[in-house]
Amino acid sequence: MRNRAIIGLLAAVLLAACGGGDGGGGGAECVATTDLTMVDNAFEPLCLEVAPDSTLNITNEGIAIHSFTVESAGIDVDVQGGDSATVELSGVSAGETPVTCTFHPEMTGTLQVR
């Protein structure tokens, strides 16, 4: 019984560290910023709040390639490890939309345009 309790606790800690069971930014506190970091297969912050038509500055601090993909707006920008990019958010509608990495499906976040 004790082993089950330990395994359950470890699973809860791992899920919390990964942004929740759904792997997304849902429920994460949104940060008003135009700077996004990609590191360890995660977006930081998990939820960005930006103004319409903003320019986003993305930095990939890891060694693996990642993408910043907003399917609903037709945005798909690859960022090599150790590199950076800027993304125009002019095609993103107001509201909340998911952000993904096409290379790492578990790497998700949320973009709030206000």
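For the range 49-74, enumerate the residues that are under 18 Å from Thr110 (Cβ atoms) and touching a Phe, Trp or Tyr at 6+ places or on another chain (Cβ under 7 Å).
Ile58, His66, Ser67
Yes or no, residue by residue, for (1) crowded, with 20+ Cβ neighbours inside 10 Å; (2) outside any strand (DSSP E or B); (3) not charged (D, E, K, R):
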{"position": "Met38", "(1), (2), (3)": "yes, no, yes"}
{"position": "Phe43", "(1), (2), (3)": "yes, no, yes"}
{"position": "Asp53", "(1), (2), (3)": "no, yes, no"}
{"position": "Asn57", "(1), (2), (3)": "no, no, yes"}
{"position": "Phe68", "(1), (2), (3)": "yes, no, yes"}
{"position": "Asp78", "(1), (2), (3)": "no, no, no"}
{"position": "Met107", "(1), (2), (3)": "yes, no, yes"}
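Give the range 80-104 a look and list any residue that's farther than 16 Å from Asp35 by Cβ and either in contact (Cβ under 8 Å) with a residue 24 or more places away in the chain or open to solvent by less than 20 Å² (accessible area, probe 1.4 Å) (or both), or say none.
The initial filter retains those residues of the range 80-104 that are farther than 16 Å from Asp35 by Cβ, namely 80-82, 90-98, 100-104.
Within the range 80-104, Ser90, Val92, Ala94, Thr97, Pro98, Thr100, Cys101, Thr102, Phe103, His104 meet the criteria.
Across the range 80-105, what is the total count of residues that are under 16 Å from Leu48 (Cα atoms), modelled with pLDDT of 95 or more and not in a strand (DSSP E or B)?
Summing the residues that are under 16 Å from Leu48 (Cα atoms), modelled with pLDDT of 95 or more and not in a strand (DSSP E or B) in the range 80-105 gives 0.
The values are calculated or read from the model by the stated rules, or taken from the named source; none is laboratory data. All values reported here derive from a predicted model rather than from experimental measurement. Quick reminder, even Gly has a Cβ in these numbers, built from the backbone with ideal geometry, and neighbours come from all protein chains shown. In case anyone asks, the SASA skips ligands and DNA or RNA and just uses the protein heavy atoms, side chains included. Shrake-Rupley method; radii C 1.70, N 1.55, O 1.52, S 1.80 Å.
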